[in-house]
Amino acid sequence: MKLNLGKYVKTTRFKTTLWYTAIFLLLECVMGILIYVFFRLALYKELDISLTKQADNIYHLVAESKVDLNNFKPDSIYSSADELVYDLIFEAVTFNPNNTFVQVSLDNKIIFSTANLYKKQINLPLSTAANVKLLTFKDPILSDHPIRAVSLAKGEYRIIVAFPVLMINQMLDKFVELYFFIAPLFLFLSIIGGALISYKSLSRIDKIIKKTDEITT
């Protein structure tokens with residue numbers, strides 16, 4: 001058995017099978033990486049669009065209210081500007097799932113922030129010339145995971161909407177788990193496929209060799 005196995009390893013058929021298997025596995029790895037990168041970029045793009053739309057929506061709700069928040073004075077309805085702004089953007093904040101953290105500033109003074117910020121100020125780099133900046137930052141107090149944020153600066157207002165990328169990471173982790181789960185199956189199929197291809201491609205050569213041996217004997 002050992003002798004036969006040793007002879008088979010040295011055969012062209014085995015080497016061809018090995019090459020086909022290696023090429024198939026290489027293509028499988030490249031394809032897996034490409035799908036992972038594409039999937040990751042698509043998820044981040046979708047989140048960025050959602051955050052940007054949310055920040056723009058909040059800006060319009062506040063700016064178009066025509067309320068003078070700079071000179072706000074408590075009354076029987078609102079005891080602080082924070083309560084008034086929350087009332088203005090209530091629907092935008094409540095019904096959007098991608099707005100875990102929201103901070104609204106007017107003339108560099110925070111006039112509203114969601115309760116889960118724990119009175120902590122989100123300090124992000126100034127917006128670009130396009131008035132919108134997307135970035136990822138870490139803050140262990142707010143989340144154990146990186147936080148994706150959009151900073152929108154329009155006029156005297158600066159709106160920051162942020163969301164932890166926990167769900168994106170979880171989806172990518174599941175993709176990796178699925179890939180490694182089916183990888184052995186693809187390995188098995190690549191070996192079988194390589195063996196079949198090498199068998200068919202070398203079968204004619206085997207016939208020629210056999211006939212040659214018959215003639216010489």
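Coordinate-derived values only; no laboratory data. Everything quoted here is computed from the prediction, not taken from an experiment. With ideal geometry, Cβ positions are generated from the backbone for all residues, glycine too; neighbour counts draw on all protein chains shown.
For a quick protection proxy, order the peptides 68-77, 17-26, 165-174, 37-46 by their average other-Cβ count within 10 Å, most packed first.
So the order, starting with the most tightly packed, is 17-26, 165-174, 37-46, 68-77.
Along the range 104-110, what does the Karplus equation 6.51 cos²θ - 1.76 cosθ + 1.60 (θ = phi - 60°) give for ³J(HN,Hα), rounded to whole Hz, x for Gly and Pro?
10, 10, 10, 6, 6, 10, 5
Around K154, which amide H atoms from residues at least 5 apart in sequence, or from another chain, sit under 5 Å from its own amide H, with H modelled in the peptide plane?
I159
I'd like the Karplus ³J(HN,Hα) series for the range 16-33: coefficients 6.51, -1.76, 1.60, θ = phi - 60°, whole numbers in Hz, and an x wherever there's a Gly or Pro.
Whole-Hz 3J(HN,Hα) from phi for the range 16-33: 5, 4, 4, 5, 4, 5, 5, 5, 5, 5, 5, 4, 5, 5, 4, 5, x, 5.
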